[in-house]
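First the structure, in the form of structure tokens, and then the observations on it.
The values are calculated or read from the model by the stated rules, or taken from the named source; none is laboratory data. Quick caveat, the model's predicted, so the values are computed rather than measured. As a convention, Cβ positions derive from the backbone with ideal geometry for all residues, glycine included, and neighbour counts pool all protein chains shown. Remember, those area values only see protein heavy atoms, side chains included, never the ligands or the DNA or RNA. Shrake-Rupley method; radii C 1.70, N 1.55, O 1.52, S 1.80 Å.
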Amino acid sequence: MPAQLSPVAPMRISDLCQAMEVYLSPTQTREVYRAYLFAAEAHEGQTRLSGEAYIYHPVAVAAILVQMRMDHHCLMAAILHDVIEDTSVTKIKLRQTFADEVVEMVDGVSKLTHLKFRSRAEAQAENFRKMMLAMTRDVRIILIKLADRLHNMRTLEVMPPAKARRIARETLDIYIPIANRLGINNIRHELEELAMAAHWPRRYQVMRKTLQRRRGNRREWIDDITRILSERLATDGLTAKVRGREKRAYSTYRKMQEKKCRFSELADVYAFRVIVDQVDTCYRVLGAVHNLYRPMPGKFKDYIAIPKANGYQSLHTVLMGPQGLPIEIQIRTGEMHVLAEQGIAAHWQYKGEREGSATADAAAKWLRSLLEVQQNTGDSMEFLEHVKIDLYPDEVYVFTPLGQIVELPRGATVIDFAYAIHSGIGNHCVAARVDQQLVPLRSQLRNGQAVEIITKQTASPKPGWLNFAMTGKARTGIRTYLKQLEVTEATALGQHLLEHELNCLGMQPEQVDPARRTEMLHELGYADLTELQQHIGLGNRSAALAARLLAFPKDQTRLSAPLSIQGGEGLLIHFARCCGPVPGDPIIAIFSHGRGMLVHHQHCPNSGEFRRRSKDSLEVQWDDQVSGEFHTTLRVDVGNQRGMLATVAAVIADSGSNIEDVRSEERDGLSLRLRFTLMVRHRKHLADVLRRIRALPQALKVGRVIG
Ligand code: MN
């Protein structure tokens with residue numbers, strides 16, 4: 001372990017109380033202390049691997065959150081965060097002792113701890129899902145989890161090296177991207193340094209030494225520039241604080257990897273930060289420094305006018321300094337600085353003064369878009385692929401013909417832009433005009449370009465597009481389209497359906513009279529049997545009817561035995577969202593034009609009309625071997641109290657069902673109507689979920705939504 005990282009002295013409760021008193025009321029501080037007494041008793045006799053009493057860990061986690069000025073409920077949950085997981089204390093016991101809000105946070109953190117690795121990639125995907133759900137419940141759960149991870153990383157040296165490496169890897173893969181996306185940069189930077197030290201100890205040592213040596217050589221020069229900048233700003237009557245910024249080992253290492261170069265080849269860049277009191281002053285400082293040294297073209301970025309996706313705001317510019325050395329400058333207000341350091345956590349500091357911050361908005365927007373992608377894919381590996389791309393905040397900003405800004409990840413191409421505008425544009429695009437120049441779809445976009453997409457109604461997505469489509473939205477759009485049109489799949493399904501119908505009529509496909517077949521294909525206007533099967537598979541043609549035409553020269557009616565559904569949504573068998581049929585329900589399948597078969601609940605009102613037009617529907621039943629999980633929707637009316645959503649969600653999660661979506665509406669001030677879309681295995685599982693929700697004292701009316 002690196003010697004540079006000083007050992008962390010155990011944080012004592014008295015230190016914590018002192019730090020809290022600065023911004024919390026005496027009552028609130030006492031509440032946190034009460035949580036401490038409870039946790040200390042629960043963890044009594046437990047020690048950490050380092051030998052110190054266990055309670056030091058949760059106190060240290062709370063101390064990190066105190067630095068971020070989190071509220072007292074959050075601090076109480078932080079102190080109690082390992083109590084459910086590691087001691088005999090139950091959630092029920094906690095409920096009797098602390099506010100629901102605190103207990104829900106502790107429970108949320110405990111759930112995130114339950115992550116077990118099968119394969120790394122799979123675990124990551126699952127971890128992300130859980131983090132997402134936790135964040136939508138209460139973002140403070142993630143803040144506690146980040147602080148918990150930070151303290152564990154700070155005290156990693158006691159772990160066996162292999163375990164330390166694994167924890168570092170997980171930190172790099174999951175916690176750092178999340179901290180980054182939520183804009184919590186102080187935690188992110190420290191996690192990066194600690195993770196690099198644990199994962200690549202030798203590289204880390206070398207990098208630190210090299211950076212220190214270089215800094216030593218340039219100390220005087222840096223002091224000079226700081227003085228010159230400060231004096232110039234003072235002369236112009238601008239109040240500002242100028243500081244030299246230290247380069248970190250991890251970010252330098254990343255830059256070397258990205259540019260595929262050695263340390264000596266990295267430009268010798270000196271970084272300074274100017275902090276002022278008002279937004280307007282930022283631009284005046286910019287003018288002043290551009291006057292002092294020549295700005296380098298193409299390096300100026302206005303993140304004040306166009307904040308980054310995580311809410312970050314600042315002006316960035318690079319100047320050509322004395323001796324030809326480039327000087328990188330960031331200019332921001334004090335408030336922007338707190339946001340830049342603490343991201344979404346800064347929200348708690350400005351709460352009351354000003355509702356909502358750029359970061360909180362950006363994070364909420366991001367969460368929404370992630371949930372959208374997840375709904376469209378359903379496959380955790382595919383979901384992770386999108387999330388990974390979306391987590392790195394290096395964006396490009398381009399413009400529509402109407403001058404609207406579109407934000408895309410770095411490396412995004414014309415195709416990504418097209419899908420960002422609308423999936424209809426993406427599905428029909430053929431080329432684009434970028435800054436008036438005609439370019440192919442694979443062209444990468446750069447900041448500030450104006451992009452106009454050229455579409456053609458007959459054009460459609462090609463599998464090759466996936467080679468250069470970068471964003472989750474574009475890849476999902478292309479895949480969705482390709483899946484729908486998967487001709488071979490459609491043909492196979494059509495063949496299956498047709499054979500089944502023939503079997504029901506007591507016939508094997510080989511027994512069909514070839515002359516009759518040719519005649520029938522001619523009648524229906526198909527070139528060959530494959531074409532007919534494809535159309536049956538796509539739902540353009542009824543298999544039952546085609547089978548009858550094949551089997552009997554004159555149309556005779558016969559009842560067919562039901563086709564069995566094995567479960568797990570295939571490409572051309574779908575389950576209707578309106579009624580969410582689950583194994584055990586009576587079902588009916590309906591052909592939808594161009595999309596294959598849609599399986600409805602027999603009582604679904606949406607299936608009634610189709611059923612009357614009987615040739616479009618097919619009698620089906622569940623296979624004995626049915627497996628997988630199925631969407632279904634519940635309506636839950638509860639008393640309108642705080643935390644009800646989280647309570648019901650926890651009950652659902654406890655019964656082993658995943659929540660895919662949730663909506664709530666207030667009905668009359670007294671009651672709240674919640675609609676959950678969740679995944680269940682079969683009717684018995686669903687009945688179990690319903691029974692558990694009904695057992696809640698606050699549940700007024702609980703039922704399933706069909707149609
Ligand atoms: Mn912990």
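The residue among 321, 256, 240 whose Cα reaches farthest toward the positive pole of the charge dipole of region 208-349, with charges on the beta-carbon of Lys, Arg, Asp and Glu, is 256.
Of the solvent-accessible surface of region 425-525, computed with a 1.4 Å probe over protein heavy atoms with every protein chain present, carbon and sulfur atoms account for 50 percent. Kirkwood hydrodynamic radius computed over region 13-202 comes to 17.0 Å, based on all pairs of distinct alpha carbons. Per-residue surface analysis assigns residue 255 an accessible area of about 80 Å², computed on protein heavy atoms at 1.4 Å probe radius. Pairwise Cα distances in region 1-109 exceed 18 Å for 47 percent of all pairs. Here region 630-705 is treated as a sphere whose radius is the Kirkwood value from Cα pairs; by Stokes-Einstein at 4 °C and 1.567 mPa s it diffuses with a coefficient of 107 µm²/s.
Packing order of peptides 85-94, 427-436, highest average first: 427-436, 85-94 (average count of other Cβ atoms within 10 Å over each peptide's residues). Taking amide H as placed 1.01 Å from N in the peptide plane, residue 662 has its amide H under 5 Å from the amide H of 677, each at least 5 places away in sequence or on another chain. The C-alpha atoms of region 208-349 occupy a region whose extents along the principal axes are 39, 36, 27 Å, arranged from largest to smallest.
Averaged over its residues, region 131-266 has an accessible area of 48 Å² per residue, based on protein heavy atoms and a 1.4 Å probe.
At a probe radius of 1.4 angstrom, the accessible area of region 630-705 per residue rounds to 51 square angstrom. Highest mean packing comes first when the peptides 44-55, 219-230 are listed by Cβ atoms within 10 Å, giving 219-230, 44-55. What shape does region 165-243 take by its C-alpha gyration tensor, where a ≥ b ≥ c are the square roots of the eigenvalues and a/c under 1.5 counts as rounded, a/b above b/c as prolate, and the rest as oblate? The shape class here is oblate.
Carbon and sulfur together cover what percent of the accessible area of region 13-202 at a 1.4 Å probe radius?
For region 13-202, the apolar C and S fraction of the accessible surface comes to 52 percent.
When peptides 651-658, 511-518 are ranked by their average number of other Cβ atoms within 10 Å per residue, the highest-first order is 651-658, 511-518.
Ignoring ligands, DNA and RNA, what percent of the 1.4 Å accessible area of region 630-705 is carbon and sulfur?
Solvent-exposed carbon and sulfur of region 630-705 make up 45 percent of the total.
Among the listed pairs 259/473; 111/145; 255/299; 209/255; 91/145, those whose Cα-Cα separation exceeds 20 Å are 259/473.
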